[in-house]
Amino acid sequence: MLLGKYLNKFYKKYWWLFLIGILVLVGVDYLNTVIPEQLGNLVGLFQNVSDVTEIAIENVARIIIYLLGASFLIMLGRMGFRLTIFRASHNIEAGLRYEMFLKAERLSQTYYHSTKVGTIMAWFTTDLDTIEEFLGWGTVMLVDAFFMSVFVIVKMFMLNWALSLVAFVPILLIVIWGALVEKFMAMKWKERQAANDEIYDFSQEVFTGIRVIKAFVKETKELHAFSKIARKNQKINVNFARISILFDVLIQIIINVSLCVILGCGGYLVYLCATGTPFTLFGQTIVLQAKELVTFIGYFDTLIWPVIALGQIITMRSRSKASLERISNFLDENEDIIHIENPVKITNPQGKITFNNFSFTYPTNNNESLKNVSLEINPGESIGVVGKIGSGKSTLMNSLLHLYNIEENTILIDDVDLMKIDITDLRNLIAFVPQDNFLFSDKIKNNISFGSSEVSQEEIENAAKFSDVHENIMNFPNQYDEICGEQGVTLSGGQKQRVSISRAFIRNAPIMILDDSVSAVDTKTEETIIKNIHEQRKGKTTILISSRVSTVAKMDRIIVLSNGEVEAFGSHNELLKSSPTYSRMVTLQKLEEEVEGGN
């Protein structure tokens with residue numbers, strides 16, 4: 001049995017399915033021992049009979065009825081344990097997958113900086129399948145290997161103890177061999193899974209960046225890189241397969257050699273008994289007739305499956321144990337972003353944001369991304385954030401979402417410490433448009449209404465009009481029912497940005513953050529969106545991050561960041577006088593517009 005804290009609770013939940021399945025399977029195992037007995041009885045009817053007509057047809061019919069009845073019950077029993085044991089194993093797999101998915105949602109950005117997507121995919125696919133296989137087929141094999149072996153071995157010894165000793169030798173050899181090979185198989189399975197992780201990681205990265213690869217004509221280079229990883233994967237998998245096959249072959253050899261020995265010894269004992277000179281061993285006369293030999297061979301043939309299953313269980317358990325260890329390590333990962341006890345509730349959110357000497361360093365970096373940021377955003381203000389690339393614009397706004405833990409009392413929402421607000425409540429206060437503008441492979445209307453529940457078609461269209469994408473959507477063949485494609489591949493960059501803005505706007509949150517969300521739209525569309533922000537989000541706090549001065553010039557106030565520090569904070573006219581960085585950006589943009597106008 002495979003044990004672990006993440007499996008044990010499922011055993012408690014589905015114990016009744018396992019119990020019913022095991023009881024039915026034990027019954028099937030016992031019925032399997034009835035067939036050799038009846039076959040032996042059938043041979044016994046023809047023994048010492050010179051004329052076949054002397055055999056009573058009723059006796060033959062009775063044996064055939066027994067055989068057919070036992071076979072029918074075995075068929076029903078096999079259906080029964082499949083419907084119970086396999087149902088339990090599938091339910092456990094589903095339960096584990098659900099827990100893993102919830103865990104993946106709870107883990108913070110810090111974890112995903114150090115763990116690749118391909119590795120996580122392997123846990124959700126190969127490793128879970130391996131565990132499910134052992135809980136299903138492994139349980140069946142384990143019960144068969146124990147109960148059928150016990151039933152058969154007891155009956156074999158009752159029938160002929162001397163010949164049973166010969167048959168018992170291979171079972172002992174297989175058990176010893178399995179104990180020696182289990183740890184080695186587990187180690188090889190871990191190597192195999194690590195190789196699978198590597199090929200998952202590479203494939204996921206290539207498929208994600210396929211456009212870049214094609215644009216730079218690097219298909220051949222990536223193909224060679226994939227071939228190198230694939231050859232390594234192939235070598236490890238082939239080595240694992242060779243060891244597994246060698247293990248199975250040795251078991252088959254032991255079984256077949258044992259069968260030959262049983263046939264030879266048993267046939268010799270039957271010959272001696274028929275000639276009236278029975279064999280004597282340890283002072284015991286061994287009498288073996290033809291029907292007993294047939295029954296004994298039937299028992300041994302029935303024993304072959306449990307013996308083979310025993311070998312497969314050892315290999316299967318070593319694989320599932322290694323997979324469970326990998327999944328358990330994932331589920332044991334520390335969650336640094338958690339729901340706190342007794343959080344502070346903001347009953348009437350206004351959208352006030354305060355930074356008190358706030359500094360931030362990413363977990364994977366030693367350099368501070370933000371240094372001593374102190375400022376206050378009033379409720380209902382429209383705020384622009386500008387600065388050079390890498391100045392900390394996105395980091396400053398992402399910190400409001402509690403994606404990373406921060407020092408207490410460094411960020412306040414409506415004068416409440418951000419670290420004391422429940423994560424769900426906090427993120428419901430903020431409508432966020434990220435830089436990557438991720439869209440799901442779904443209808444446009446479902447992408448827009450993703451963050452809100454029970455919204456009408458009119459509200460969806462109003463949100464699209466806010467971001468000036470309504471007319472574009474109406475030109476699509478299916479309009480709002482148009483499928484965006486994977487990551488919004490069927491839409492242009494500007495359309496993706498505006499659908500993302502609509503998705504945030506429809507939430508009607510007290511705070512809305514747009515992270516460089518109008519960089520792919522033309523000037524006219526940008527002006528429309530800015531105008532709609534002032535008109536339709538009046539009284540609500542809106543923060544717009546941009547690399548273009550023209551985008552934020554009409555905001556109430558503008559934050560200028562330089563090397564992670566606030567260089568200035570004020571209106572457009574105030575910054576022209578007080579901020580060298582802002583003044584330089586304005587000058588450079590004017591020169592750029594003049595050059596474009598000259599061309």
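Can Leu23 be described as of a type outside the set (D, E, K, R), open to solvent by 30 Å² or more (accessible area, probe 1.4 Å) and modelled with pLDDT of 80 or more?
yes
With respect to Val150, is the statement that it is among the β-branched types (Val, Ile, Thr), at pLDDT below 70, open to solvent by 30 Å² or more (accessible area, probe 1.4 Å) and more than 23 Å from Asn196 (Cα to Cα) true?
No.
Counting only residues that are of a type in the set (S, T, N, Q), buried (at least 18 other Cβ atoms within 10 Å of the Cβ) and touching a helix residue (DSSP H, G or I) at 6+ places or on another chain (Cβ under 8 Å), which one in region 544-580 is nearest to Leu514 (Cα to Cα)?
In this case the residue turns out to be Ser546.
From the list Ala61, Ala56, Ala88, Ala70, exactly one residue is more than 19 Å from Trp305 (Cβ to Cβ), open to solvent by less than 80 Å² (accessible area, probe 1.4 Å) and at pLDDT 80 or above. Which is it?
Only one candidate passes the filter, namely Ala88.
Of the residues Leu250, Leu269, only one is touching a residue at least 60 places away in the same chain (Cβ under 8 Å), open to solvent by 50 Å² or more (accessible area, probe 1.4 Å) and closer than 20 Å to Phe300 by Cβ; which?
Leu250
Exactly one condition in (1) without any contact (Cβ under 8 Å) to a residue 60 or more places away in the chain; (2) at positive phi is not met by Asp415; state its number.
Among (1) without any contact (Cβ under 8 Å) to a residue 60 or more places away in the chain; (2) at positive phi, Asp415 violates only (1).
So which residues in region 273-303 are open to solvent by less than 20 Å² (accessible area, probe 1.4 Å) and either charged (D, E, K, R) or at pLDDT below 75 (or both)?
If the condition is that a residue be open to solvent by less than 20 Å² (accessible area, probe 1.4 Å) and either charged (D, E, K, R) or at pLDDT below 75 (or both), then Ile286, Leu288 are the ones that fit.
For region 448-470, indicate whether the set of residues that are more than 28 Å from the chain's Cα centre (by Cα), open to solvent by 50 Å² or more (accessible area, probe 1.4 Å), under 26 Å from Leu396 (Cα atoms) and at pLDDT 85 or above is non-empty.
No - not one qualifying residue is present in region 448-470.
Report yes if some residue within region 405-419 is over 36 Å from the mean Cα position of the chain (by Cα), assigned to a helix (DSSP H, G or I) and more than 24 Å from Leu107 (Cα to Cα); otherwise report no.
No, every residue in region 405-419 fails to be over 36 Å from the mean Cα position of the chain (by Cα), assigned to a helix (DSSP H, G or I) and more than 24 Å from Leu107 (Cα to Cα).
Residue under question is Leu142, and the condition is that it be open to solvent by 50 Å² or more (accessible area, probe 1.4 Å), closer than 30 Å to Tyr30 by Cβ, of a type in the set (A, V, I, L, M, F, W, C) and at pLDDT below 80; does it hold?
no
So for region 319-330 (the condition being more than 30 Å from Leu128 (Cβ to Cβ) and surrounded by fewer than 19 Cβ atoms within 10 Å (Cβ to Cβ)), does at least one residue qualify?
Looking for residues that are more than 30 Å from Leu128 (Cβ to Cβ) and surrounded by fewer than 19 Cβ atoms within 10 Å (Cβ to Cβ), one finds none in region 319-330, hence no.
Read through the list (1) crowded, with 17+ Cβ neighbours inside 10 Å; (2) modelled with pLDDT of 80 or more; (3) over 30 Å from Lys291 (Cβ atoms); (4) among the hydroxyl-bearing types (Ser, Thr, Tyr), then give the number of the only condition that Tyr98 fails.
Going through the list (1) crowded, with 17+ Cβ neighbours inside 10 Å; (2) modelled with pLDDT of 80 or more; (3) over 30 Å from Lys291 (Cβ atoms); (4) among the hydroxyl-bearing types (Ser, Thr, Tyr), Tyr98 breaks only (1).
Give me a count of the residues in region 405-427 that are farther than 17 Å from Gln350 by Cβ and open to solvent by less than 30 Å² (accessible area, probe 1.4 Å).
Number satisfying all stated conditions: 4.
Does region 580-598 hold any residues that are at pLDDT 85 or above and of a type in the set (Gly, Ala, Ser), and which are they?
Ser583
Which of the residues spanning region 209-231 are open to solvent by less than 100 Å² (accessible area, probe 1.4 Å) and part of a helix (DSSP H, G or I)?
Across region 209-231, the qualifying residues are Ile210, Val212, Ile213, Ala215, Glu219, Thr220, Glu222, Ala225, Phe226, Ser227, Ile229, Ala230.
The values are calculated or read from the model by the stated rules, or taken from the named source; none is laboratory data. Quick caveat, the model's predicted, so the values are computed rather than measured. Here Cβ is always computed from backbone atoms with ideal geometry, including for glycine, and neighbour counts include all displayed protein chains. Accessible surface areas use protein heavy atoms only, side chains included; no ligands, DNA or RNA. Shrake-Rupley method; radii C 1.70, N 1.55, O 1.52, S 1.80 Å.
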